[in-house]
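J.: Quick one: this structure, given as structure tokens, is what I'll be asking you about.
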Amino acid sequence: ADEMGLGKTMQAISTVRLLLYSGEVRKVLLVCPKPLVSNWKREFALWAPEIPLGIIEGDQAKREWQWRQPNTWVKIANYELLMRDRDLFDENLHFDLVMLDEAQRIKNKSSTTAQVARSIHRTRSWALTGTPIENSPEDLVGIFEFLSPGYLSADMRPRHMAQAVKDHILRRTKDLVMTDMPPKMFRDEPLSLTPEQWETYNKAEDEGVIKLNDLGDSLTVQHVFELVLRLKQICNFDPVTGASSKMERLVADMEEIAASGQKAIIFSQWVKTLKQIRSQVEHFGPLEYHGQMPSKQRETVIDRFKNDPKSHMILMSYGAGSVGLNLQFCHYVFLFDRWWNPA
């Protein structure tokens, strides 16, 4: 239950690796939100590249084969596919270890997701989350129903509950380990475009190259930049369907950031992109800060963002928000796209 950014993923992978090589476990299932599947795959490649992985994906027939495939030590599935394939979890499909990432997904023990997770036949159970309690101590009861059914009850007093779980939870926050924290981390997160984005991107690229060739001697660098900018915008959002792999990942990360009471800055070079982002993140209390806003309005936005506990993200354009602002109370910054730098 370490706070976001303190290495839950690395710790989990390293421990799984030790258990596999000691022979204590042979079959592991990791369940995580769909946008985080690719991230877990990359982290396993970084910390345990020799471990065979199997990603549960594809149509029903393919997934059923993947669930039964014996040669993968670690299987990774998203919560949505877990729900679809619930009928497969009989006594013949057993795991030595089941890990739930973003385990607050099962905080409501009566939810279908929680019931399906508990139905998986397993020997060990782990729950990973930076926010074990989002709303009330009863959230913890739901998670422990997966870890150790009946161990906690909703009528327990918070003090007694805290005493009961202290030997079962590893919880560290940034303020407690600040002196041990490494320098500020900068990380590029590779993401694959959605199928809709790929289709639009390839079409725009092909048509754009034809137009550039047709220009002949009148071709300028400006013409090339116009095509590049167009392709960059498609990488943010598909203009037809609105599909966006970046948006999926941003929402997944913001769920944990907001639940822990933290704040984040999201930068884009386009105000249109900021508007598109806002339309999908209203539950995070987003605010805007860009050049199309009157200067007096912008002056009040920063104070509101700092002092409003319900506002967890601010959407900024590079031009308006990159210099001259004191935003040190924010622990996270997302660059939704890259700013053009002539250097």
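J.: Can you tally the net charge around Cys235? Count Lys and Arg as +1, Asp and Glu as -1, for every other residue whose Cβ sits under 11 Å from the Cβ of Cys235.
T.: Combined, the nearby Lys, Arg, Asp and Glu give +2.
J.: For region 8-180, report the translational diffusion coefficient in µm²/s to the nearest whole number, using Stokes-Einstein at 20 °C, 1.002 mPa s, and a Kirkwood Rh over Cα pairs.
T.: Numbers: Rh = 17.0 Å.
Value of D from the Cα-based Kirkwood radius: 126 µm²/s.
J.: Something else now. Can you give the Kirkwood hydrodynamic radius of region 195-236 from its Cα pairs, in Å with one decimal? Can you show the working numbers first?
T.: On the way: mean 1/r = 0.0938 Å⁻¹.
Its Kirkwood hydrodynamic radius stands at 10.7 Å.
J.: Take every Cα pair under 8 Å in the chain that's 6+ residues apart, average their separations, divide by the length, and report that relative contact order as a whole percent.
T.: Details: 448 pairs, mean separation 48.9, N = 343.
Normalised by residue count, the contact order of the chain is 14 percent.
J.: In the neighborhood of Pro70, defined by Cβ-to-Cβ distances under 12 Å, what is the net charge if each Lys or Arg adds +1 and each Asp or Glu adds -1?
T.: Working: positive: Arg26, Lys27, Arg68, Lys75; negative: none.
Neighbourhood net charge equals +4.
J.: Give, rounded to the nearest 20 debye, the magnitude of the charge dipole that region 8-180 has about its Cα centre when Lys and Arg contribute +1 at Cβ and Asp and Glu contribute -1 at Cβ.
T.: Working: 25 positive and 22 negative charges, 39 e Å.
Result for region 8-180 is approximately 180 debye, rounded to the nearest 20.
J.: For labels at Thr300 and Val209 in the simple 7 Å Cα→Cβ model, what's the distance in nm?
T.: 5.2 nm
J.: Work from the charge dipole of the chain (Cβ charges, +1 for Lys and Arg, -1 for Asp and Glu, about the Cα centre) and give the residue of Ala320, Leu191, Gly285 farthest towards its positive end.
T.: Checked the options; the winner is Gly285.
J.: If the viscosity is 0.692 mPa s and the temperature 37 °C, what Stokes-Einstein diffusion coefficient in µm²/s follows for region 48-106 when Rh is the Kirkwood radius over Cα pairs?
T.: Details: Rh = 12.5 Å.
Roughly 263 µm²/s, to the nearest whole number.
J.: Something else about it: Taking Cα atoms of region 112-201, Rg/Rh with Kirkwood Rh, to two decimals?
T.: My calculation of the ratio gives 1.13.
J.: For region 195-236, with the dipole built from +1 on Lys and Arg beta-carbon atoms and -1 on Asp and Glu ones, taken about the Cα centre, which of Leu212, Gln222, Tyr201 lies farthest toward the positive end?
T.: Checked the options; the winner is Gln222.
J.: Same structure again: Just to confirm the number: angle between the C-alpha axis of helix 295-307 and the first principal axis of the chain, 0 to 90 degrees, nearest 10?
T.: 10 degrees
J.: Going down the table (Lys246/Lys272; Lys246/Lys310; Lys107/Lys166; Lys8/Lys306; Lys107/Lys184; Lys184/Lys275), which pairs top 26 Å between alpha carbons? Can you show the working numbers first?
T.: Values: Lys246/Lys272 15 Å; Lys246/Lys310 23 Å; Lys107/Lys166 18 Å; Lys8/Lys306 28 Å; Lys107/Lys184 32 Å; Lys184/Lys275 29 Å.
Going by Cα-Cα distance, Lys8/Lys306; Lys107/Lys184; Lys184/Lys275 fall outside the 26 Å limit.
J.: Viscosity 1.306 mPa s, temperature 10 °C: give me the Stokes-Einstein translational D for region 245-335 in µm²/s, with Rh taken as the Kirkwood radius over C-alpha pairs.
T.: Values: Rh = 13.1 Å.
The calculation lands on 121 µm²/s.
J.: How large is the charge dipole for the chain, taken about the Cα centre, if only the Cβ atoms of Lys, Arg (+1) and Asp, Glu (-1) carry charge, to the nearest 20 debye?
T.: 720 debye
J.: Of Asp59, Asp139, how do they rank once you tally other Cβ atoms within 10 Å and put the fewest first? Write down the numbers at each step before the final one.
T.: Values: Asp59 7, Asp139 21.
Exposure proxy ranking, most exposed first: Asp59, Asp139.
J.: In whole angstrom, and with the biggest value first, how far do the Cα coordinates of the chain range along each principal axis?
T.: So the three principal-axis extents are 71, 48, 36 Å.
J.: Continuing with the same structure: Show me the ranking of peptides 104-110, 161-167, 130-136 by mean Cβ neighbours inside 10 Å, starting with the highest. Intermediate values should be presented prior to the final figure.
T.: On the way: 104-110: 19.6, 161-167: 13.7, 130-136: 16.6.
The packing order, highest mean first, is 104-110, 130-136, 161-167.
Only the coordinates and a few stated rules stand behind these numbers; no lab work does. The structure displayed is predicted, hence computed values, not measured ones. Counting neighbours? That spans all protein chains shown, and the Cβs are built from the backbone with ideal geometry, glycine included.
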